[in-house]
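What follows is a short report on a single structure.
Quick note: the coordinates plus some simple rules give every number you see, no bench work behind them. Keep in mind that this is a model prediction, so the values were computed, not measured. For neighbour counting, all protein chains shown are included, and Cβ atoms are generated from backbone atoms with ideal geometry for every residue, glycine included.
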Amino acid sequence: MNPSVDFDNRWNERQDICLHITLLDHSGEILQTSSKNISIGGIFIEPVPRQLDIGQKLEVAFSLHSASSSQRHRLPARVVRNHHDGAALAFSDYDRNTLNALRILLYDGLTR
């Protein structure tokens, strides 16, 4: 493999979607930020004022809105990569409602 090629091993297509994000750990809220992009498998957030620990387990909280309702979601995630202005998190567990909401957001344009 050519080391100059930036290999991207994501399994899911990313969408450039800006959501207001709250990150929480076992002790509570640690950061409010925004998503740069999101997929069924994870999220890239920015800005992040300090590096997060690789492997750190967090919850990603966000709200999605439709014409008739607003839903708050929390997804378990872990930090997989730091970047100079953000961080990549991989989602680790889904409940059916959150997975369906992500599908609608990514593929049917649910408002944020």
Original post:
So if we plug the beta-carbon distance of Gln15 and Ser70 into 1/(1 + (r/R0)^6) with R0 = 22 Å, what FRET efficiency do we get, rounded to 0.05?
Top reply: 0.60
Original post:
Applying the Karplus parametrisation 6.51 cos²θ - 1.76 cosθ + 1.60 with θ = phi - 60° to the phi angles of segment 89-100, what ³J(HN,Hα) value in whole Hz is obtained for each residue in order, glycine and proline being reported as x?
Top reply: 10, 9, 5, 10, 9, 10, 9, 4, 5, 5, 4, 5
Subject >> Note, ³J(HN,Hα) from phi for segment 58-67, Karplus 6.51, -1.76, 1.60, rounded to Hz, x at Gly and Pro >> reply: 9, 10, 9, 10, 7, 10, 10, 10, 10, 4
Original post:
Placing +1 at every Lys and Arg Cβ and -1 at every Asp and Glu Cβ, with all other atoms neutral, what dipole size does the chain have around its Cα centre, in debye to the nearest 20?
Top reply: 180
Subject >> Theoretical ellipticity at 222 nm over the chain - DSSP helices of four or more residues, -39500 (n - 2.57) apiece, nearest 500 >> reply: -3500 deg cm²/dmol
**OP:** Provide the gained length on full extension for the span His83 to Arg96, in nm with one decimal, where the gain is 0.36 nm per separating residue minus the Cα-Cα distance.
**Re:** 1.6 nm
Original post:
Which percentage, to the nearest 5, of the DSSP beta bridges contained in segment 20-107 is antiparallel?
Top reply: 100
